[in-house]
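The structure under discussion appears below in the form of structure tokens.
The numbers here are math on the coordinates, done by the rules we state, and not lab data. For clarity, every value in this text was computed on a predicted model and none was experimentally measured. Cβ: placed from backbone, ideal geometry, glycine included. Neighbour counts: every protein chain shown.
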Amino acid sequence: MNIATKCYGILLATLLLGACGLNQTQAKTPAQVKSVLEQEYKDQNIEVTSIKQSPVSGWYEAVLSGNQLIYVDKDARYILDGELIDLKEKKNLTAVRQKELNKVDFSQLPLDDAIKEVRGNGQNKIVVFSDPDCPYCHKLEVEFGKLTDVTIYTILIPIDTLHPNARYHSEQLWCQKDRTNAWISYMRNGKAPQKVDSCENPIERNLSVADKLGFHGTPTIVFPNGQVMPGYAPANVLQKTIVENQS
């Protein structure tokens, strides 16, 4: 979809805003706007995490649970759920802001709860949130096997709703004596490890971290500069992206 089409959609949405207007007026400060939205969303278990002036005069930017962006007029009467485009600069301002919101503090990730693989000199680093039964995670792991000079930290987050056996496989892989080689054999070569007794594992902690970060799909890669890349990519793209996002 080109920028002109997007802008037409936003203009149309703006003209129709009366249909979704909030039943409040004259809430002109960020605190008042936040209060109105919290009241509006209180039965939906949606948190209003921040309110700030948007790039458009008379409108606020509101960040909801999961880093969802919406825009609210200065009277907190109308909301706009869509992309904000700067026609002069040919820039999607919502996408730029969303990228900022989605940045992760790499230093706070629980690397001790990850499976660590060092390739080459390991100078570059990434963290990947992965499900052992996710097909695209398996595809990504094959590409990881082609990379050089990278340390890969894999945080296991089995998605039970999609893969009923993923938690069991995660625990079995974690509890192996050599979990790194067990993980590589399973994910890249399809070789299941020998069954072992259950052990203390970080699965629940990992799931909690992923939930707080809004990661509900796998694979999801996090780079040291905080940028996030969901999904699969071939090795040549990965190698370039990894180097570019170290700092």
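Considering only DSSP beta bridges with both partners in the chain, what is the antiparallel share in %, to the nearest 5?
80 percent
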Once you wrap a convex hull around the alpha carbon atoms of the stretch 131-218, what is its projected area averaged over all directions, in nm²? 5.9 nm²
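Considering only the stretch 106-244, what is the antiparallel percent among its DSSP beta bridges, to the nearest 5?
For the stretch 106-244, the DSSP antiparallel bridge percentage is about 60.
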Within the stretch 73-107, backbone nitrogen closer than 12 Å to the virtual label 7 Å beyond the Cα of Ser50 toward Cβ: 97-104
Sequence neighbours fewer than 8 away in the same chain don't count; with that in mind, list the lysines whose C-alpha is under 16 Å from Lys195. Lys177
Cα-Cα over 31 Å: which of Lys191/Lys240; Lys34/Lys116; Lys103/Lys191? Lys34/Lys116; Lys103/Lys191
How long are the semi-axes of the ellipsoid equivalent to the chain, from square roots of 5 times the Cα gyration tensor eigenvalues, in whole Å, largest first? 41, 21, 15
Residue-by-residue Karplus 3J(HN,Hα) for the stretch 58-71, coefficients 6.51, -1.76, 1.60, Hz, glycine and proline x: x, 10, 9, 9, 10, 10, 9, 3, x, 6, 6, 9, 9, 10
